[in-house]
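Peer 1: The structure follows.
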Amino acid sequence: MLFVMEAPRWLSAQEQRAWRAYLAAHRLLIHQLDRELQAKGLSLSDYEILVRLSESPGHRLRMSELADATIQSRSKLSHQITRMEAAGLVTREGCEHDRRGTFAVLTQAGWETVQRVAPDHVASVRKHFIDQLTPEQIRTLEEAFTPIVDRLQAVRAHRCARG
């Protein structure tokens with residue numbers, strides 16, 4: 001069987017500038033937000049887990065759901081939850097209906113941490129991202145990134161379903 005390789009569709013100069021600007025902005029923004037959270041004793045990943053748990057019914061999520069939501073391997077999430085347990089931010093609980101399942105549960109200390117850190121984090125997001133854009137640019141970003149997120153989530157779901 002003979003495979004014919006298609007020539008790559010190279011990026012135009014404008015597409016390449018847009019792509020590189022996106023990459024640089026993403027890296028720099030994530031670095032800055034993580035640095036500011038580190039000063040409060042959390043990583044950006046810790047904060048994301050605390051927020052997801054704080055927004056979930058009963059302040060709890062199955063570990064598998066939390067791994068999927070945070071795009072982490074089960075193993076990496078387990079190690080992170082172990083560190084967060086040691087800090088008193090979360091705890092693990094068994095699942096009544098599925099003995100193999102485990103929940104990550106926000107503790108009172110974790111809830112208080114979210115409440116303490118969230119105002120400063122939101123101020124940082126506003127300062128370094130939102131306030132740098134006009135309302136029209138924000139709408140454009142939402143319109144541009146929503147189909148990309150939707151497509152990549154569908155690809156990921158398809159890949160996970162196949163095993």
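The values are calculated or read from the model by the stated rules, or taken from the named source; none is laboratory data. On a predicted model such as this, the values are computed, not experimentally measured, just so you know. Cβ placement follows ideal geometry from the backbone for every residue including glycine, while neighbour counts extend to all protein chains displayed.
Peer 1: Across the stretch 1-31, what is the number of residues that are under 19 Å from Q137 (Cβ atoms) and either under 23 Å from the mean Cα position of the chain (by Cα) or modelled with pLDDT under 95 (or both)?
Peer 2: Let us first name the residues in the stretch 1-31 that are under 19 Å from Q137 (Cβ atoms), namely 14-15, 17-26, 28-29.
Still in the list and also either under 23 Å from the mean Cα position of the chain (by Cα) or modelled with pLDDT under 95 (or both): 18-26, 28-29.
Total satisfying the criteria: 11.
Peer 1: Next question. Got at least one residue in the stretch 57-71 being closer than 19 Å to L37 by Cβ and touching a Phe, Trp or Tyr at 6+ places or on another chain (Cβ under 8 Å)?
Peer 2: No, the conditions are met nowhere in the stretch 57-71.
Peer 1: Name the single residue, out of those in the stretch 94-150 being among the hydroxyl-bearing types (S, T, Y) and modelled with pLDDT of 95 or more, that is nearest to L37 (Cα to Cα). Don't jump to the end; show me each part of the working.
Peer 2: Filtering the stretch 94-150 for residues among the hydroxyl-bearing types (S, T, Y) gives 102, 107, 113, 124, 134, 140, 146.
From what is left, the residues that are modelled with pLDDT of 95 or more are 107, 113, 124, 134, 140, 146.
Working: T107: 19, T113: 11, S124: 10, T134: 26, T140: 28, T146: 26 Å.
That would be S124.
Peer 1: I'd like the full set of residues that are under 19 Å from R60 (Cα atoms) and under 20 Å from the mean Cα position of the chain (by Cα), limited to the stretch 102-143. Give the derivation first.
Peer 2: Step one: list which residues in the stretch 102-143 are under 19 Å from R60 (Cα atoms), which gives 102-115, 118.
Of everything in the stretch 102-143, those that are under 19 Å from R60 (Cα atoms) and under 20 Å from the mean Cα position of the chain (by Cα) turn out to be F103, A104, V105, L106, G110, W111, T113, V114, Q115, A118.
Peer 1: Within the stretch 100-125, take every residue that is among the polar types (S, T, N, Q) and not in a helix (DSSP H, G or I) and give me the one that is farthest from R52 (Cα to Cα).
Peer 2: In the first step, residues of the stretch 100-125 are kept if they are among the polar types (S, T, N, Q); the result is 102, 107-108, 113, 115, 124.
Checking which are not in a helix (DSSP H, G or I) leaves us with 102, 107.
Details: T102: 16, T107: 13 Å.
The residue in question is T102.
Peer 1: Is at least one residue of the stretch 123-134 hydroxyl-bearing (S, T, Y) and surrounded by fewer than 10 Cβ atoms within 10 Å (Cβ to Cβ)? Don't jump to the end; show me each part of the working.
Peer 2: We begin by selecting, within the stretch 123-134, every residue hydroxyl-bearing (S, T, Y); these are 124, 134.
When the remaining residues are screened for being surrounded by fewer than 10 Cβ atoms within 10 Å (Cβ to Cβ), the result is 134.
Looking for residues that are hydroxyl-bearing (S, T, Y) and surrounded by fewer than 10 Cβ atoms within 10 Å (Cβ to Cβ), one finds at least one in the stretch 123-134, hence yes.
Peer 1: Next up: Can you work out which of the residues in the stretch 32-69 that are among the acidic types (D, E) and in contact (Cβ under 8 Å) with a residue 40 or more places away in the chain is surrounded by the fewest Cβ atoms within 10 Å (Cβ to Cβ)? Talk me through it step by step, then tell me what you get.
Peer 2: Step one: list which residues in the stretch 32-69 are among the acidic types (D, E), which gives 34, 36, 46, 48, 55, 65, 68.
Still in the list and also in contact (Cβ under 8 Å) with a residue 40 or more places away in the chain: 36, 46, 68.
Numbers: E36: 19, D46: 24, D68: 17.
For the stretch 32-69, the residue satisfying everything is D68.
Peer 1: Conditions: (1) under 24 Å from A123 (Cβ atoms); (2) touching a strand residue (DSSP E or B) at 6+ places or on another chain (Cβ under 9 Å); (3) not basic (K, R). S64 meets all but one. Number of the miss?
Peer 2: (1) is the only condition that S64 fails.
Peer 1: Filter the stretch 70-84 down to the residues that are surrounded by fewer than 15 Cβ atoms within 10 Å (Cβ to Cβ) and assigned to a helix (DSSP H, G or I), then identify the one that is modelled with the lowest pLDDT. Break it down stepwise before answering.
Peer 2: Step one: of the stretch 70-84, the residues surrounded by fewer than 15 Cβ atoms within 10 Å (Cβ to Cβ) are 71, 73-76, 79, 82-83.
Add one more test, that the residue is assigned to a helix (DSSP H, G or I), and what stays is 74-76, 79, 82-83.
Values: R74: 91, S75: 94, K76: 95, H79: 96, T82: 97, R83: 97.
So the residue we want is R74.
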